[in-house]
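Have a look at the structure below before the remarks.
The values are calculated or read from the model by the stated rules, or taken from the named source; none is laboratory data. Values in this document were obtained by computation on a predicted structure and should not be read as measured data. All Cβ positions, even for glycine, are placed from backbone atoms using ideal geometry, and neighbour counts span all protein chains on display.
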């Protein structure tokens, strides 16, 4: 892995990066302090950095797809600004302390954690769950009106403010912006993703039309939202209902008086055919909001649960944060071309470490230790004044330093010998493991797999050879042979997921194995 070196660094002259919150396959998430923020609410921010080298190698096709997804996320967030959707505060391109160029977007920091963490101890009561779900429905309905389908609604992508009173939708990295957009690499989390996101997992005959992004409608997000509602109220994820309708609730939720009403809403929202689900978030919320209300109001006894307003705040009156400029991220090759051409494009900013006072020299440090308070430190000067008595003590100790040096040298040599022996042992283990891995990779020959994105078929096992065909996202292929390092596979396309743009293009060629999901 090639992680970015950003901790305790200042980015763009204003973001002091303090903590790494986590890493994904190709993104690193950091918490930073915005020195230019005038509003205390946005003093802490999240830096989401795209690292195309996080898996240890670089592939131009994969990099282009990742950058497009990253840019789509920023554009989607700007298009659907809403109190219940996380705000993008900025973006940029920079170089870390190792010299690695990376793109980043700046997001608001939500300190309350995510909904998955909230229900870890116990599920939410019905009233509290509907309180949060109304906010999620409001943000999601606003996104749909803006032409954005989120495609990955789940508890982990619902973040809370510090007081846990406001929930915001996050992670628009796989969002579809328009009906005409092309396929995007990742299409949601399997447990919560609707069947149309993963048509090859269906038992029926493959319907290649369902692979087209135009088939994705708000009903896809409603499916994921209903399964999220199940998780919030039941305290467990719907693993037993992956890619199929939810038909029952677990105990003790199923024993509640309102359980049948809840099940009817969730079962309809998770139907396999999108046309059989709710078609708008507002319709879904109207029925969900009625769960727990009796058909008739009793004249005596405890009052019924108060009904939350059914009107969603789809069009917010005020959006507190103005949208930053629209981003345009470039591949590493394009960045290098602009730098060589000197065409005036802005160069990536260089990350600098956060430095404090200049450290003392060894002589000054010893003098300060022997006579505290007698050393004056002046920032920005190399020669710092040392008291006379301290300097005399330093000279008197010079002979002892010589003996200490000899002893230290002997210890270093012993330690170096120990390291050499350890290194030889580790190298032997690596050679053994490498031999085992090479044996395992040969078993991939003859296996069938599915492409996870549109990928070029090349004439040879590297990205510099000619493109001779295309295997569309979701196509079925069979591995014929492997390259020497087993990173590239020669495949035969068994079934294209959609008609080929060029009927004369080849169905056999080389592609990187990272684009394959083996059966």
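If only residues of the range 3-18 that are on the phi < 0 side of the Ramachandran plot and outside any strand (DSSP E or B) are counted, the one that is farthest from the chain's Cα centre (by Cα) is 14. Restricting to the range 134-153, give me the number of residues that are assigned to a helix (DSSP H, G or I) and touching a helix residue (DSSP H, G or I) at 6+ places or on another chain (Cβ under 6 Å). Here the count works out to 4. Screening residue 239 against (1) more than 17 Å from residue 274 (Cβ to Cβ); (2) modelled with pLDDT of 95 or more; (3) under 23 Å from the mean Cα position of the chain (by Cα) leaves a single unmet condition, (2).
Here is a yes/no grid of residues against (1) under 26 Å from residue 455 (Cβ atoms); (2) part of a loop (DSSP other than H, G, I, E, B); (3) without any contact (Cβ under 8 Å) to a residue 60 or more places away in the chain:
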position: 20; (1), (2), (3): no, no, yes
position: 55; (1), (2), (3): yes, yes, no
position: 64; (1), (2), (3): yes, no, no
position: 73; (1), (2), (3): yes, no, no
position: 99; (1), (2), (3): no, yes, yes
position: 102; (1), (2), (3): yes, no, no
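The residue of the range 246-279 that is farthest from the chain's Cα centre (by Cα), among those that are crowded, with 18+ Cβ neighbours inside 10 Å and in a loop (DSSP other than H, G, I, E, B), is 249.
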